[in-house]
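Following: one structure in structure tokens, then a few remarks.
The values are calculated or read from the model by the stated rules, or taken from the named source; none is laboratory data. Note that this is a predicted model, so its numbers are computed, not measured. Here the Cβ is made from the backbone with ideal geometry for all residues, glycine too, and neighbour counts use every protein chain on show.
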């Protein structure tokens, strides 16, 4: 189970040490700031509305209680949360019944981008998280307009192998 991951753990980056740990309710405002301080979210008209706080608290509670999900934050040695990502395990029949480890919502605070934090987190996913959940593969999606992110994932050894589709329910 994904909740068996050994967290917290410390990663060394060019920006200094960061501690990966499970997200807590106190982290929500910062994590939501990452999500909404993003050109794609802004292009969709997404914005944080404090009136929706109960929805975010409920979602974090569901993530935290699910043995297939983990919201991980990286806390800089100075105490600020500077990055996040969500991990989800997906059992499947393909790949001889293999589990997929889905990486979603990878965000690094704008002032810490290109500091090695995102790379260190993704390396941790590949070296520690995936083996811990016995994943047969790691998969992620990235908006087609995120060319810098695509180069980042390709440098890490990911392959752009599929075309994704979405259907907006509401």
Taking segment 116-154 and the residues there that are over 17 Å from the mean Cα position of the chain (by Cα) and touching a residue at least 12 places away in the same chain (Cβ under 8 Å), the one that is nearest to residue 41 (Cα to Cα) would be 145
Item to complete: For segment 39-53, state whether one or more residues are modelled with pLDDT of 90 or more and either closer than 16 Å to residue 75 by Cβ or out of contact with any helix residue (DSSP H, G or I) (no Cβ under 8 Å at 6 or more places or on another chain) (or both).
Response: no
With criteria (1) without any contact (Cβ under 8 Å) to a residue 24 or more places away in the chain; (2) out of contact with any helix residue (DSSP H, G or I) (no Cβ under 9 Å at 6 or more places or on another chain); (3) part of a strand (DSSP E or B), residue 86 comes up short on (2)
Within segment 134-150, the residues that are at pLDDT 95 or above and either in a helix (DSSP H, G or I) or touching a helix residue (DSSP H, G or I) at 6+ places or on another chain (Cβ under 6 Å) (or both) are 136, 138
Taking segment 89-115 and the residues there that are over 22 Å from residue 35 (Cα atoms) and assigned to a loop (DSSP other than H, G, I, E, B), the one that is farthest from the chain's Cα centre (by Cα) would be 93
A careful count of residues in segment 65-84 that are in contact with a strand residue (DSSP E or B) (Cβ under 7 Å, 6 or more places away or on another chain) and surrounded by 14 or more Cβ atoms within 10 Å (Cβ to Cβ) gives 13
